[in-house]
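These notes concern the structure reproduced below.
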Amino acid sequence: MSLPQRIEGLRARIQRACEAAGRNPATIELLPVSKKQPLSLIREAAAQGFTRFGENYVQEGADKAAALPELSFVLLGPLQRNKAKAALRHFAEIQSLDRPELAERLRRLAEELGVVRPVWIQVDLWDEATKLGGCTGADLPELLEALGDDARLPLRGLMAIPPPEDEAAFVQMAALRDRLQQDLGRPLRLSMGMSDDLEAAIAAGTDQIRIGTAFFGERTR
């Protein structure tokens, strides 16, 4: 199946999911996850109108950002403190902020570099942090305090990887987003849902789905 055919199939799935949930498909961002995909395939996706791509590894994403400066790359994978400066330099957004000490380091480095980088807090409500990363619900207030209202690191939203086939987990995450944006007094986006569970994510209220295999096909390396 060609890339345009896979994209068409994804858009049809999004359309059906939105119709079932009474939502507008235009409100759902489809973020292609391009980790371990060649530059040629990313360029082909860009020719289909996509300008933002998700990457899991700092060095790989930095190399792609340097090779494709007309595109934007979003960091989805865990971020180590020693790679924070590189992440701020090369990524348009960081979606995997998950601990106070990382927030404090990013704040210092953003000021040093003179950059503005929206961040998303990765939340884990299901005890998956050791495997996937993420801030627990109990630790979220401390992380928010460490992040503060720094204009260089504006909080864009919440990112999560709910357990597959657990629709209640998606609803739980959406409820947390709703409560938090009410407490903070400003809108927050929600990023959850991947190739196998985008329908559950859309039904629950996600604003962004992160799609790798269903978009690009099986990785060749």
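Might you report the magnitude of the Cβ-based charge dipole of the stretch 88-174 about its Cα centre, with Lys and Arg at +1 and Asp and Glu at -1, to the nearest 20 debye? Walk me through the numbers on the way to the answer.
Working: 9 positive and 17 negative charges, 106 e Å.
Once rounded to the nearest 20, the dipole reads 500 debye.
If the chain between R23 and D63 were fully stretched, how many nm would it gain, using 0.36 nm times the residue separation less the Cα-Cα distance? Can you show the working numbers first?
On the way: separation 40, 0.36 × 40 = 14.40 nm, distance 3.69 nm.
Taking R23 through D63 to full extension adds about 10.7 nm, to one decimal.
Two-decimal Rg/Rh of the chain from alpha-carbon positions, Kirkwood Rh?
0.95
What helices does the chain have that are whole DSSP H segments, at least 24 Å long along their own axis by Cα, and with mean Kyte-Doolittle hydropathy of -1.0 or more?
Result, helices passing both filters: 3-21, 167-184.
Give the Debye-formula value of log10 I(q)/I(0) at each listed q (0.14, 0.19 Å⁻¹), with one equal scatterer per alpha carbon of the stretch 1-119, two decimals each.
Debye curve over Cα of the stretch 1-119, log10 I(q)/I(0) at q = 0.14, 0.19 Å⁻¹: -0.67, -1.00.
Helix-only mean residue ellipticity at 222 nm, the chain, DSSP H runs n ≥ 4 weighted -39,500 (n - 2.57), per residue, nearest 500. What is it?
Working: 10 runs with 100 residues, N = 221.
It lands at -13500 deg cm²/dmol.
Treat each spin label as a single point 7 Å out from the Cα along the C-beta direction, and report the K83 to R11 distance in nm.
Output for this residue pair reads 3.3 nm.
Please report, to one decimal in angstroms, the Kirkwood hydrodynamic radius of the stretch 70-113 built from all distinct Cα-Cα pairs. Could the numbers behind the result be given before it?
Details: mean 1/r = 0.0943 Å⁻¹.
So the Kirkwood estimate lands at 10.6 Å.
Of the candidates S40, S96, S72, which one comes out as most mobile in a Gaussian network treatment of the chain with C-alpha springs shorter than 10 Å?
Largest GNM mean-square fluctuation: S40.
Among A87, A151, I121, whose Cα projects farthest towards the positive end of the dipole of the chain, with charges put on the beta-carbon of Lys, Arg (+1) and Asp, Glu (-1)?
Result: A87, furthest along the dipole toward the positive end.
Compare K35, K85, K64 in a GNM of the chain, Cα atoms joined below 10 Å, and give the one with the largest fluctuation.
Among K35, K85, K64, the largest mean-square fluctuation in the Gaussian network model of the chain belongs to K85.
Which FRET efficiency, nearest 0.05, do D127 and E44 yield, Cβ-Cβ r, R0 35 Å?
According to the calculation, E is roughly 0.35.
Taking the Cα centre of the stretch 39-103 as origin, work out the dipole magnitude from +1 charges on Lys and Arg Cβ and -1 charges on Asp and Glu Cβ, in debye rounded to 20.
Charge dipole, the stretch 39-103, about its Cα centre: 180 debye, nearest 20.
Connecting C-alpha atoms closer than 10 Å in a GNM of the chain, tell me which of R186, R107, R89 has the biggest fluctuation.
Comparing R186, R107, R89 in a Gaussian network model of the chain, the most mobile one is R186.
Rg to Rh ratio, the stretch 142-221, alpha-carbon atoms and Kirkwood radius?
Looking at the stretch 142-221, the ratio lands at 1.05.
When only the heavy atoms of the protein chains count and the probe is 1.4 Å, how do L30, L68 rank by accessible area, highest first?
If we order L30, L68 from most to least accessible, we get L30, L68.
Which of the GluC sites (Glu not before Pro) found in the stretch 140-221 are in a DSSP loop and have at most 14 neighbouring Cβ atoms, other than their own, within 10 Å?
In loop regions of the stretch 140-221 (DSSP not H, G, I, E or B), the sparsely surrounded GluC sites (Glu not before Pro) are E165, E218.
The values are calculated or read from the model by the stated rules, or taken from the named source; none is laboratory data. What you see is a predicted model; the values in this text were computed from it and never measured. Positions of Cβ are generated from backbone atoms using ideal geometry, with glycine treated the same way; all protein chains shown enter the neighbour counts. Only protein heavy atoms, including side chains, enter the accessible area calculation; ligands, DNA and RNA are left aside. Shrake-Rupley method; radii C 1.70, N 1.55, O 1.52, S 1.80 Å.
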